[in-house]
Amino acid sequence: MNKENLIKYILGIADNSLILGQRLGELTGHGPSLEVDIALTNISLDLFGQVRSYFQYAAQISEEEKTEDDFAFLRTEREYVNVLLVEQTNKDFAYVIGRQFLFDHFHFLLLNELQKSKDETLVAIAKKSLKEVSYHKRFSSDWVKRLGDGTEESKQKMQTAINDLWRFTEELFETTEADQEAIEAGIGVNVTALKDTYLANVSEVLTEATLEKPELQFFQSGGKKGIHSEQMGYLLSDMQFMQRTYPGMKW
Amino acid sequence: MSEKEVKNLEEIFEQKIARDEKIEPKDWMPEKYRKTHIRQMSQHAHSEIVGMLPEGNWITRAPSLRRKVALLAKVQDEAGHGLYLYSACETLGVSREELYDQLHSGKAKYSSIFNYPTITWADIGAIGWLVDGAAIINQVPLCSTSYGPYARAMVRVCKEESFHQRQGYEIMLTLCRGTEEQKQMAQDALNRWWWPALMMLGPTDDASVHTAQSMKWKLKRKTNDELRQQFIDQTIPQADILGITVPDPDLKWNEETGHYDFGEINWDEFWQVVKGQGPCNKERLETRVNAWEGGAWVRDAAMAYAEKQAAKKVQKAS
């Protein structure tokens with residue numbers, strides 16, 4: 001697999017953690033309780049830690065002089081390849097949990113498979129991240145159950161969030177050209193093959209949470225091709241603010 | 001309890017403090033001791049969680065991944081400090097909810113420094129260096145204060161604060177070794193944070209109402225003015241290394257006293273901010289109230305769920 005495509009493959013995984021970490025970072029200090037505030041910040045920290053490992057690896061194999069921060073802060077919106085799901089806004093706590101839940105279950109399966117990659121660095125990152133993500137998955141699944149089977153109000157809010165976010169789930173299982181090449185090289189994970197397990201796992205939690213699994217005919221995708229939701233631009237203008245305003249400086 | 005018995009308990013209590021032994025939650029203590037501790041510990045807890053907001057502003061805009069991770073971890077530490085301190089208050093029989101009510105209604109105070117805005121990245125450096133620096137000076141003596149749960153919480157808090165302080169200073173150092181623009185950013189932050197940081201050590205001794213009693217209970221080991229002098233003496237050489245200057249034309253080294261002399265603090269500004277009229281008092285309190293009220297349905301759901309689970313367990317067992 002050539003280096004350029006390997007970098008593309010790495011970004012396809014890393015950008016999800018980057019953008020979700022950024023969204024969670026918006027919430028620090030605003031949580032519904034101190035304990036939840038600490039937990040969400042912790043998840044954000046884990047995700048950024050993973051991002052740093054991926055980007056440092058990408059920088060190391062890049063033929064250009066690049067750093068982790070170049071990948072994080074100095075791309076145009078069209079060059080970020082995260083899925084639409086993770087860039088969705090923190091509309092309310094049910095959305096935060098719904099987004100986390102729908103992503104964590106995918107993320108867990110992805111990392112589990114990535115451990116079998118022929119690329120040793122990716123294996124090492126996957127092994128370390130998997131421990132963190134199994135905690136994330138437990139946290140978000142527990143909250144889906146609490147909100148789903150809590151009060152009438154929380155049930156309705158949680159169901160609405162799941163209904164609204166469900167249209168972004170299909171994209172998780174789309175393979176890009178870089179994915180395809182990485183799969184053939186024995187480096188990448190065939191995400192399409194994870195779909196059945198994902199749906200079964202997610203459905204199990206939803207049932208326990210007394211929530212309905214949405215039945216949709218139409219789904220949204222585009223993030224993996226760099227075509228994002230409108231809110232992505234605002235996220236990036238915050239995230240890139242310092243690097244864009246003061247180009248080339250060390251912090 | 002007879003008057004004699006109370007007097008006897010009071011004597012045992014005073015002797016314990018004199019021997020530097022800890023007062024524990026189940027020990028008898030005078031009501032005033034309990035109230036003073038609830039007031040001070042909850043003020044401290046509130047300061048930690050309100051303090052998350054000005055720094056939290058910069059999490060989404062941190063200039064590098066390394067800085068973003070460090071800032072997230074720092075703000076998370078503050079939430080952790082809030083948690084220990086609210087728990088320490090609970091040992092004196094007051095709930096976190098009651099304390100939040102006092103904060104949200106404006107009855108309880110928190111450190112005024114957090115009512116100043118963080119408008120540049122350098123403010124994150126200045127807060128770590130100066131605000132955490134002043135906080136450490138205030139807090140290190142509390143590691144040996146008489147109330148056990150408070151003293152133990154402070155040991156951990158101080159360790160983390162001193163890490164934050166070094167981190168803040170390192171941000172300033174990077175800026176001061178950077179471009180002219182970055183150095184100016186650092187100087188501007190020092191200009192804005194210097195006087196409020198000095199005010200953090202509290203009103204001058206003659207205006208401080210709680211000092212005498214607090215010294216007796218070892219809630220305080222040095223007076224506000226002594227602490228302030230200590231802060232200035234330790235901070236000026238650090239500013240010299242950075243190559244930036246504190247905004248005080250009267251500041252100079254005094255050979256005779258072995259301390260820095262410094263200019264008049266604007267106490268009108270201090271009282272203005274304490275009384276709720278600082279640049280961000282309204283925003284900070286509104287944000288806290290919104291987070292709490294907006295999260296009520298989440299807490300209710302968690303409670304309802306826990307009750308249902310407990311009921312299921314009972315059903316299974318029977």
Exercise. Tally the residues that are buried (at least 21 other Cβ atoms within 10 Å of the Cβ), within 24 Å of A:VAL123 (Cα to Cα) and not β-branched (Val, Ile, Thr), restricting the search to region A:143-194.
Key: 5
Exercise. Check off (1) assigned to a loop (DSSP other than H, G, I, E, B); (2) within 14 Å of chain B (Cβ to nearest Cβ); (3) touching a residue at least 24 places away in the same chain (Cβ under 8 Å); (4) not hydrophobic (A, V, I, L, M, F, W, C) for A:LYS250 and give me the number that stays unchecked.
Key: (3)
Self-check item: Exclusive hit being assigned to a loop (DSSP other than H, G, I, E, B) and touching a Leu at 6+ places or on another chain (Cβ under 7 Å), set B:ILE137, B:ILE59, B:ILE119
Solution: B:ILE59
Quiz item: All but one of (1) part of a helix (DSSP H, G or I); (2) loosely packed, with under 12 Cβ neighbours inside 10 Å hold for B:ARG34; which doesn't?
Solution: (2)
Practice problem: Collect the residues in region A:213-236 that are over 19 Å from the mean Cα position of the chain (by Cα) and not charged (D, E, K, R), keeping them in residue-number order. | Solution: A:PRO214, A:LEU216, A:GLN217, A:PHE218
Quiz item: Any residue at all in region B:59-67 that is of a type in the set (Lys, Arg), surrounded by fewer than 21 Cβ atoms within 10 Å (Cβ to Cβ), more than 30 Å from A:LEU235 (Cβ to Cβ) and modelled with pLDDT of 95 or more?
Solution: no
Quiz item: For region A:1-89, list the helices (runs of 4 or more DSSP H) that sit wholly inside it and hold at least 1 residues that are facing chain B (nearest Cβ under 9 Å), on the phi > 0 side of the Ramachandran plot and not acidic (Asp, Glu); which are they?
Solution: none
Quiz item: When you scan region A:1-27, how many residues do you find that are buried (at least 22 other Cβ atoms within 10 Å of the Cβ) and modelled with pLDDT under 95?
Solution: 0
Quiz prompt | Enumeration of residues in region B:199-220 that are under 30 Å from B:GLU11 (Cα atoms) and part of a loop (DSSP other than H, G, I, E, B) | solution = B:SER208, B:VAL209, B:HIS210, B:TRP217, B:LYS218, B:LEU219, B:LYS220
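Every residue, every condition in (1) more than 14 Å from every other protein chain (Cβ to nearest Cβ); (2) closer than 18 Å to A:GLN22 by Cα, yes or no:
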residue: A:ARG99; (1), (2): yes, yes
residue: A:THR121; (1), (2): yes, no
residue: A:LEU130; (1), (2): yes, no
residue: A:LEU147; (1), (2): no, no
residue: A:THR160; (1), (2): no, no
residue: A:PHE168; (1), (2): yes, no
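The values are calculated or read from the model by the stated rules, or taken from the named source; none is laboratory data. Being a predicted model, the structure only gives us computed values, none of them experimental. Methodologically, a virtual Cβ is constructed for each residue, glycine included, from the backbone with ideal geometry; neighbour enumeration extends over all protein chains shown.
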